[in-house]
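Would you mind keeping the following structure in view while I ask a few things?
The values are calculated or read from the model by the stated rules, or taken from the named source; none is laboratory data. Only a predicted model underlies this, so the values are computations on that prediction, with no experimental measurement involved. Every residue, glycine as well, gets a Cβ built from its backbone with ideal geometry; the counts of neighbours run over all protein chains shown.
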Amino acid sequence: MNIVIAPDSFKGSLTAQEVGLAIERGVKRANSNSVTRIIPMADGGEGTMSCLVDGTQGRFVSAVVQDPLGREIDSGFGILGDGRTAVIEMAMSSGLYLIGEQERNPLKTTTYGFGQLIKSALDEGCRSFILAVGGSATNDGGAGMLQALGVELLDAEGQQIGYGGGCLEKVVDIRITGLDPRIAESHFTVACDVDNPFIGPNGASVVFGPQKGASAEMVEQLDQNLKHFADVIERVRGVAIHLLPGTGAAGGLSGGIVAFLNGVLESGVSIVTRVTGLDEAVKEADLVFTGEGQVDYQTVHGKTPFGVARVARAHNVPVIVLAGSIGKGIDNLYEHGVSAVVSIVNRPMTLEEAMKQTASLLEEAAEQMMRIVRL
């Protein structure tokens with residue numbers, strides 16, 4: 001059998017590549033004659049950079065940037081095998097995981113470090129960018145990123161405003177004369193798996209602000225500040241991002257990318273599918289394995305198993321999803337190309353135990369599924 005293994009990472013346990021290798025071992029135990037191909041996948045969030053770099057034989061570049069609170073940290077980005085396309089995960093500079101729970105405050109956190117990574121990639125000669133914006137600790141509409149790239153966000157006294165979503169209310173003018181000229185030579189694609197607008201009841205602040213440490217009062221202030229920022233952007237740039245679907249991703253960062261970098265928003269899993277050549281591989285397959293740590297009603301909204309199944313369905317290839325945990329609402333997946341969803345947990349165990357044993361659990365589950373398939 002010709003089998004394509006295209007999983008996402010199991011967050012906190014294994015990378016997508018490691019998941020693929022574990023599934024492959026199980027497949028080979030059940031059928032040593034199987035021809036397997038591992039294609040690491042991601043949906044635009046954590047792991048996107050690694051899977052694209054691994055999938056195209058690219059390389060990683062280190063960089064020192066500022067974290068969400070302005071402290072210097074070691075970070076980096078990927079360059080694909082073509083040598084000119086950069087893949088940047090904003091979480092590696094402006095991510096929630098970089099700060100402690102007590103430090104979470106989207107009035108203060110900034111995307112400045114993300115702008116520094118873009119600048120570093122420009123220095124490496126990259127002019128095509130894939131920007132993965134999941135896992136943000138920020139709600140500044142991309143203001144910090146713009147400041148790092150040379151944009152001046154000026155207050156009533158003509159001074160540059162400070163950092164964080166709490167300072168956006170001070171913006172009265174935006175000068176782009178200092179914007180890095182190499183931006184005009186570049187193309188930016190945002191890996192975005194949400195359709196939330198910049199502002200409003202479904203916008204960046206209301207939907208995502210609380211998980212970043214925002215109280216109810218802060219959420220209201222942040223939303224008003226983003227509205228004010230969007231008003232100034234519309235006046236200066238002639239682009240209305242207020243209610244544009246997807247611009248609310250990463251605390252409005254996607255909106256800033258659209259307005260100032262002419263960014264294009266695209267489903268993260270669609271980008272990964274295209275870059276890794278998944279479609280061509282699936283055409284020749286008899287079976288596809290995919291998987292993710294949690295599979296539930298949200299999976300059908302652009303998560304990796306859904307994206308893989310959609311590709312496989314076009315070629316009438318069955319898909320088995322291996323999941324660490326199965327939640328409610330998975331029935332919709334069967335209407336989009338998924339043949340079966342199987343939990344890898346084989347006995348009662350704690351989450352901690354399961355995460356420590358993910359590789360062996362995946363291997364065992366893949367072996368058992370292959371034995372059933374052979375029947």
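For the stretch 271-287, give me each residue that is surrounded by fewer than 18 Cβ atoms within 10 Å (Cβ to Cβ) and either under 18 Å from the mean Cα position of the chain (by Cα) or assigned to a loop (DSSP other than H, G, I, E, B) (or both).
Result: ARG274, GLY277, GLU284, ASP286.
Listed here are the residues, each with its yes/no results for (1) surrounded by fewer than 21 Cβ atoms within 10 Å (Cβ to Cβ); (2) among the aromatic types (Phe, Trp, Tyr); (3) in the same structural domain as ASP223 (by TED's automatic domain parsing); (4) in a loop (DSSP other than H, G, I, E, B).
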site	(1), (2), (3), (4)
VAL61	yes, no, yes, no
THR109	no, no, yes, yes
ILE130	no, no, yes, no
THR138	no, no, yes, yes
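Restricting attention to the stretch 324-338, which residues are more than 22 Å from the chain's Cα centre (by Cα) and surrounded by 20 or more Cβ atoms within 10 Å (Cβ to Cβ)?
Answer for the stretch 324-338, where residues must be more than 22 Å from the chain's Cα centre (by Cα) and surrounded by 20 or more Cβ atoms within 10 Å (Cβ to Cβ): GLY337, VAL338.
Which one of VAL321, VAL341 is among the β-branched types (Val, Ile, Thr) and surrounded by fewer than 23 Cβ atoms within 10 Å (Cβ to Cβ)?
After applying the criteria, what remains is VAL341.
Using the structure shown, decide if VAL311 is of a type in the set (Val, Ile, Thr), under 27 Å from LEU131 (Cα atoms) and either touching a Phe, Trp or Tyr at 6+ places or on another chain (Cβ under 7 Å) or modelled with pLDDT under 95 (or both).
no
Consider ALA366 against the criteria (1) assigned to a helix (DSSP H, G or I); (2) closer than 30 Å to ASN196 by Cα; (3) among the hydrophobic types (A, V, I, L, M, F, W, C): it satisfies all of them except one. Which criterion is unmet?
Answer for ALA366: the failing condition is (2).
Confirm whether GLY307 is out of contact with any strand residue (DSSP E or B) (no Cβ under 8 Å at 6 or more places or on another chain) and buried (at least 24 other Cβ atoms within 10 Å of the Cβ).
Against the criterion (out of contact with any strand residue (DSSP E or B) (no Cβ under 8 Å at 6 or more places or on another chain) and buried (at least 24 other Cβ atoms within 10 Å of the Cβ)), GLY307 qualifies.
Going by the structure shown, is VAL341 part of a strand (DSSP E or B), hydrophobic (A, V, I, L, M, F, W, C) and more than 24 Å from LEU52 (Cα to Cα)?
The answer is yes for VAL341.
Can you tell which of VAL171, VAL133 is touching a Cys at 6+ places or on another chain (Cβ under 7 Å) and under 16 Å from ILE241 (Cβ atoms)?
Just one listed residue meets the conditions, VAL133.
Inside the stretch 78-106, can you point out the residues that are more than 20 Å from LEU146 (Cβ to Cβ), in contact with a Leu (Cβ under 8 Å, 6 or more places away or on another chain) and in a loop (DSSP other than H, G, I, E, B)?
Scanning the stretch 78-106 gives LEU80, ILE99, ARG104.
Considering only the stretch 176-200, state which residues are among the hydrophobic types (A, V, I, L, M, F, W, C) and either in contact (Cβ under 8 Å) with a residue 40 or more places away in the chain or more than 15 Å from SER128 (Cβ to Cβ) (or both).
ILE176, LEU179, ILE183, PHE188, VAL190, ALA191, CYS192, VAL194, PHE198, ILE199
Of the residues in the stretch 1-58, how many are under 14 Å from ALA366 (Cα atoms), among the hydrophobic types (A, V, I, L, M, F, W, C), out of contact with any Phe, Trp or Tyr (no Cβ under 8 Å at 6 or more places or on another chain) and crowded, with 24+ Cβ neighbours inside 10 Å?
Result for the stretch 1-58: 1.
Among the residues of the stretch 15-38, is any in the same structural domain as ASP195 (by TED's automatic domain parsing) and of a type in the set (Asp, Glu)?
Looking through the stretch 15-38, none of the residues is in the same structural domain as ASP195 (by TED's automatic domain parsing) and of a type in the set (Asp, Glu).
Matching residues to (1) of a type in the set (Val, Ile, Thr); (2) over 14 Å from GLY255 (Cα atoms); (3) crowded, with 24+ Cβ neighbours inside 10 Å:
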site	(1), (2), (3)
ARG127	no, yes, no
VAL133	yes, no, yes
ALA156	no, yes, no
CYS167	no, yes, no
GLY178	no, yes, no
ILE183	yes, yes, no
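Which condition does GLY166 not pass, out of (1) within 21 Å of GLY238 (Cβ to Cβ); (2) touching a residue at least 12 places away in the same chain (Cβ under 8 Å); (3) not basic (Lys, Arg), if it passes all the others?
Against the list (1) within 21 Å of GLY238 (Cβ to Cβ); (2) touching a residue at least 12 places away in the same chain (Cβ under 8 Å); (3) not basic (Lys, Arg), GLY166 comes up short only on (1).
If you scan the stretch 11-35, which residues turn out to be of a type outside the set (D, E, K, R) and either in contact with a Lys or Arg (Cβ under 7 Å, 6 or more places away or on another chain) or assigned to a loop (DSSP other than H, G, I, E, B) (or both)?
GLY12, SER13, THR15, ALA30, ASN31, SER32, ASN33, SER34
May I ask you to verify whether ASP193 is of a type in the set (Asp, Glu), crowded, with 18+ Cβ neighbours inside 10 Å and modelled with pLDDT of 95 or more?
Taking the combined requirement at face value, the residue does not satisfy it.
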